[in-house]
Amino acid sequence: MGKQEDFVLRALEERDVRFVRLWFTDVLGFLKSVAVAPAELEGAFSEGIGFDGSAIEGFARVYEADMLAMPDPSTFQILPWRGEGPSTARMFCDIRMPDGSPSYADPRYVLKRTLSAAAEKGFTFYTHPEIEFYLFKDTPNSGDDPVPVDRSGYFDHTAQSHGSDFRREAITMLESMGISVEFSHHEGGPGQQEIDLRYADALSTADNIMTFRTVVREVALGQGIWATFMPKPFTTHPGSGMHTHVSLFEGDRNAFFEAGAEYQLSKTGRQFIAGVLRHASEITCVTNQWVNSYKRLIGGGEAPSYITWGHNNRSAMVRVPMYKPDKGQSTRIELRTVDAACNPYLAFAVILAAGMKGIEEDYELPREAEDDVWSLNDRERTALGMDPLPKTLAEAIKVAENSELLAETLGEHVYDYFLRNKRSEWEAYRGQVSAWERDQMLPVI
């Protein structure tokens, strides 16, 4: 048994931990959990905890159901919302088959596999998410409009605000779990918040996002309110995105930085952007995986609808933030399509795979968008070579079905299950009669 496992076993005694929750994520990005007693943990480190994979969405067919959850000791943390008395801890797990091989259905393994491929080329992938979400006064009832906790706007400072109290408690919890927060503020919509996590390697960030979503919901429930990461809960208010800043490092050197280059952006950085743009439509069904995700993408505002890049251009899909003198290590690109309802392991895997394809095949970066993309008409956008992103989940699925990059990155099992599930979601949605149809047609038809 290694040092990390020994550290965890000692911490269990010192912190009076009575329950250890083993966490993992299904293919759609929902958190799963099994609790074990501390006495069972030594065995779990060496042999794993067995479970029925066929009972988890997309994990296995019935005849190959047996799977093992192997706790990752480097992810050990005490859960701060369990209050006084005996503690509860958590660890993320890697999912294995009974013979010890990695499970092809484990999203964490999909990301690890993609990170390993980049590491073979000498690159480490870092990400920094800006996570938006809404707070409602109560659990929304079916058919009722949700009621935001406040009527504040972007960056508003409001005395005795629900949002600022909430953010303070949530950030305190996140920091106590080793998750560093960079910024937090009120966003543009009523009750809408943003909390930005500090840069970390992509695997740690994906784990942190899963923890973040859990912490945010727990804090909200503790305050008698409701948090949602739904991409577009209101027709007339902004959607919630997860703008993600990414960069590649070669050792300690930022591979996106080149002193004296335009925007201080290296050839590697330009090729990475070119890869993300060329494969943007293919990966959209992973970075924006729900029917509702496309209500945000076609809704204007700061959500991109066209495959473009620009320097400090917030209407572009990929933004190259303004260069800070003497901070070459901070050179990065910002991908503005992603929403916080995605599976972060799969989303980071496909973004990295698209960017790496651009580097490996020396893609040429198209002309940048210098205008406000939203202010142009369709003819002007076509003349400038601006292709639209998929406008619906159905369009995104159609492109994904012909994507070699997606099939290769996700692996056959995840790729097949994910698309089957998305087709089913689209068919269910397509048959629904909406309130808009009734409001428009019942009075006149």
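Descriptive notes on the structure:
- Among (1) modelled with pLDDT under 95; (2) in contact with a strand residue (DSSP E or B) (Cβ under 7 Å, 6 or more places away or on another chain); (3) under 28 Å from residue 169 (Cα atoms), the one test that residue 81 misses: (2)
- Taken over the stretch 208-239, residues that are more than 18 Å from residue 171 (Cβ to Cβ) and of a type outside the set (Lys, Arg) amount to 12.
- Residue match in the stretch 360-379 (condition: under 27 Å from residue 204 (Cα atoms), crowded, with 16+ Cβ neighbours inside 10 Å and at pLDDT 95 or above): no
- The residue that is farthest from the chain's Cα centre (by Cα), among those in the stretch 94-134 that are assigned to a strand (DSSP E or B) and under 21 Å from residue 247 (Cβ atoms), is 124.
- Residue within the stretch 127-137 that is surrounded by fewer than 20 Cβ atoms within 10 Å (Cβ to Cβ), hydrophobic (A, V, I, L, M, F, W, C) and at pLDDT below 95 present: yes
- Residue within the stretch 404-419 that is over 20 Å from the mean Cα position of the chain (by Cα) and not in a helix (DSSP H, G or I) present: no
- If you check 65, 105, 69 for being more than 18 Å from residue 202 (Cα to Cα), free of Cβ contacts under 8 Å to residues at least 24 places away in the same chain and either in the same structural domain as residue 175 (by TED's automatic domain parsing) or hydrophobic (A, V, I, L, M, F, W, C) (or both), only one passes: 65.
- Qualifying residue in the stretch 254-262 (condition: at pLDDT 95 or above, of a type in the set (Phe, Trp, Tyr) and closer than 18 Å to residue 132 by Cβ): no
- Checking the stated criteria, residue 37 turns out to be at pLDDT 90 or above and farther than 30 Å from residue 285 by Cα.
- Those helices (runs of 4 or more DSSP H) lying entirely in the stretch 197-312 with at least 2 residues in the same structural domain as residue 180 (by TED's automatic domain parsing), over 21 Å from the mean Cα position of the chain (by Cα) and of a type outside the set (A, V, I, L, M): 267-278
The values are calculated or read from the model by the stated rules, or taken from the named source; none is laboratory data. All of these numbers come straight from a predicted model, not from anything done at the bench. FYI the Cβ positions are ideal-geometry reconstructions off the backbone, even for glycines, and counts take in every protein chain you see.
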